[in-house]
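Take a look at the structure below.
The values are calculated or read from the model by the stated rules, or taken from the named source; none is laboratory data. Computed from a predicted structure; not experimentally measured. Note that we place each Cβ from the backbone using ideal geometry, even for glycine, and neighbour counts take in every protein chain shown.
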Amino acid sequence: MSLVVNFSLAYSRILVISFYQFGGYTMQMPTPDAKVLSRKAGIVARLQEVLPRDAVISDEMETRAYECDALTAYKCPPLAVVLPSSTEEVAAVLRVCHNMGVPVVPRGSGTSLAGGALPTADCVLLGVARMNDVLETDYENRFIRVQTGRTNLSVTGAVESDGFFYAPDPSSQLACAIAGNIAMNSGGAHCLKYGVTTNNLMGVTMVQMDGTILQIGGKHLDAGGYDLLGLICGSEGQLGVVTEATLRILPKPEGARPVLMGFDANEVAGACVADIIKAGVLPVAIEFMDRPCIEATEAFAKAGYPMCEALLIVEVEGSPAEIDEQLALILEITRRHNPVELREAKDADEAGRIWLGRKSAFGAMGQINDYMCLDGTIPVSELPYVLRRIGEMSKEYGLDVANVFHAGDGNMHPLILFDANKEGDLELCEAFGADILRLCVEVGGCLTGEHGVGIEKRDLMVDQFAPADLEAQMAVKDVFDPAWLLNPAKVFPLAASESRRSVALAAE
Ligand SMILES: Cc1cc2nc3c(=O)[nH]c(=O)nc-3n(C[C@H](O)[C@H](O)[C@H](O)COP(=O)(O)OP(=O)(O)OC[C@H]3O[C@@H](n4cnc5c(N)ncnc54)[C@H](O)[C@@H]3O)c2cc1C
């Protein structure tokens, strides 16, 4: 089963309903600036002066192609779309928008599940898809420099014939761009060992809203001064438009071997994960699937998974001797939890089948119902408790949940199933989702693991952060984007960002 099929199926079924069908839907967007709307022709004319003609889209029908990302419950065509090809063109666009007071929404491939790239009606959507060149490859110093519109998978594609790879591997890696990966600090199944984007990012070129071009980090390990690179990675398009990235590449490991483990309860699988992590052994991945997910996946991908309550896929890598040593310890720990299945891959074919079900999981779930994919992080030791509470809450809300996630990192992805055609189901699903995310915070975790805040979680930020913490984060945006024109209505509670924007407007 190809990732293309899995990805496109998953993509088409995640919240496949239109915002406009749900007047009662609670998420608010700011009122578009009437002055900007009335100046559309002039704004488009200025953009056409600084970009090639085919790089500016202003026809209403054509802008609809950019009206949403993968959180398709929300849709809004932008005022115009620009598709620059270089850092200089991005800077020119931002200068125009800055001078004319026009908001800008940066976009990579539009796969955000948090509504991070959702346009507003008065914005210019700046897509970096045409910026996909490899600019430099240096194997001796193990880095690659790319334009950020390049897709995640094609970064590895550019170096794999020379025995290298780029480690962060979001399930959407066939489609998502390095731009979005940096903005969301994306992760994936193999990030337990290799870390997420921030751990593999060495430098960026970023254009500020006023068109200033900044070089942050570079080909070296660390830089003097503030860690601005750490600040930019995960900043969700709030601080600038990232146009180029220097990424760490790694030599491919000698070998890897996954083991499939079955358990008779979610909590037991959760406890097994906690014990593996506690033992100090570092698998490259620990992935978790519960029964609803196993059943859907088997029907879809026929990977030969056992029908049990919970599955783990644990993969280790290295030389054959290193693999044997790590697996011996992991299997010893696992046996203490009385697994109902233990299947160690004997060859590449069997390894492929073990991963097949996991990689098909999102697509498989999309075949049974609409679903909302959540993303929260918890301390690994809390897995058994949180899984039990999610099960109880599922009964209270009357909505089914399937769990498939990066268990080694404690990065949960509960998929709440609902019926988009049933009145009130979406709202119920949202309320349930918010409660699960609050539970993550309650046990010492975080509202987001790898999908970002976007519009989806911005109003829950007050559950995670004290007013002073939020104020400090907003003060950082004040420095980089004093007029609050970049990626409006995301990340911060709407009332807070709107009042910041009003103050900036009044000061102009
Ligand atoms: C089926 C499916 C599976 C997924 N699996 C994973 C997964 O395993 N792990 C994971 O982490 N995520 C996953 N995601 C979520 C998503 O793919 C990631 O968040 C991804 O990094 C988004 O990249 P993008 O290029 O599509 O960004 P977009 O959706 O276009 O934008 C995302 C954010 O980045 C900002 N942005 C875009 N370009 C720039 C730029 N040049 N400069 C500054 N800011 C910018 C946008 O404004 C927005 O806030 C999945 C999504 C889907 C649909």
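Kindly provide the set of residues from segment 315-351 that are within 18 Å of residue 294 (Cβ to Cβ) and part of a helix (DSSP H, G or I), ordered by number. Scanning segment 315-351 gives 334, 350.
When residues in segment 109-155 are screened for being outside any strand (DSSP E or B) and away from the ligand (no atom under 15 Å from the Cβ), 6 of them pass.
The set of residues in segment 214-239 being at negative phi and within 13 Å of the ligand (Cβ to nearest atom) consists of 214, 216, 231, 232, 233, 235, 238, 239. Being surrounded by fewer than 16 Cβ atoms within 10 Å (Cβ to Cβ), in the same structural domain as residue 292 (by TED's automatic domain parsing) and modelled with pLDDT under 95 is a property that residue 409 lacks. Applying the condition of being closer than 20 Å to residue 276 by Cα and in contact with a Gly (Cβ under 8 Å, 6 or more places away or on another chain) to segment 355-384 and asking which residue is farthest from the ligand (Cβ to nearest atom) yields 384. With respect to residue 400, is the statement that it is within 16 Å of the ligand (Cβ to nearest atom), in the same structural domain as residue 262 (by TED's automatic domain parsing), surrounded by fewer than 24 Cβ atoms within 10 Å (Cβ to Cβ) and acidic (Asp, Glu) true? When the stated conditions are applied, residue 400 does not pass them. Residues that are outside any helix (DSSP H, G or I) and in contact with a Ser or Thr (Cβ under 6 Å, 6 or more places away or on another chain): does segment 355-367 have at least one? Scanning segment 355-367, I find no residue that is outside any helix (DSSP H, G or I) and in contact with a Ser or Thr (Cβ under 6 Å, 6 or more places away or on another chain), so the answer is no. The set of residues in segment 418-468 being away from the ligand (no atom under 16 Å from the Cβ), out of contact with any strand residue (DSSP E or B) (no Cβ under 6 Å at 6 or more places or on another chain) and not in a helix (DSSP H, G or I) consists of 419, 421, 422, 423, 424, 443, 444, 465, 466. Find the residue count for segment 167-195, including only residues that are away from the ligand (no atom under 13 Å from the Cβ) and surrounded by 23 or more Cβ atoms within 10 Å (Cβ to Cβ). The number of residues fulfilling the criteria is 0.
Each row is one residue, and each column tells you yes or no for (1) of a type in the set (Gly, Ala, Ser); (2) within 27 Å of residue 75 (Cα to Cα).
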site: 443; (1), (2): no, no
site: 451; (1), (2): no, yes
site: 454; (1), (2): yes, yes
site: 462; (1), (2): no, yes
site: 465; (1), (2): no, no
site: 481; (1), (2): no, yes
site: 484; (1), (2): no, yes
site: 496; (1), (2): yes, yes
site: 506; (1), (2): yes, no
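Of the residues making up segment 77-87, at least one is touching a residue at least 60 places away in the same chain (Cβ under 8 Å) and under 25 Å from the mean Cα position of the chain (by Cα).
Screening 171, 112 for residues that are in contact with a helix residue (DSSP H, G or I) (Cβ under 9 Å, 6 or more places away or on another chain), among the polar types (S, T, N, Q), more than 23 Å from residue 48 (Cβ to Cβ) and not assigned by TED's automatic domain parsing to the domain that holds residue 206 leaves exactly one candidate, 112.
Could you please let me know if residue 88 is closer than 26 Å to residue 212 by Cα and either modelled with pLDDT of 95 or more or outside any loop (DSSP other than H, G, I, E, B) (or both)?
Judged against the criteria, residue 88 is a match.
Among the residues of segment 196-208, some residue qualifies, meaning at least one is surrounded by 24 or more Cβ atoms within 10 Å (Cβ to Cβ), more than 10 Å from the ligand (Cβ to nearest atom), closer than 30 Å to residue 317 by Cα and modelled with pLDDT of 95 or more. Taking residue 211 and the conditions (1) within 11 Å of the ligand (Cβ to nearest atom); (2) under 25 Å from residue 86 (Cα atoms), which numbered condition does it fall short on, given that it satisfies the others? With (1) within 11 Å of the ligand (Cβ to nearest atom); (2) under 25 Å from residue 86 (Cα atoms) applied to residue 211, the lone miss is (1).
State the number of residues belonging to segment 89-108 that are in contact with a helix residue (DSSP H, G or I) (Cβ under 6 Å, 6 or more places away or on another chain) and either within 11 Å of the ligand (Cβ to nearest atom) or among the small types (Gly, Ala, Ser) (or both). Number of matching residues: 3.
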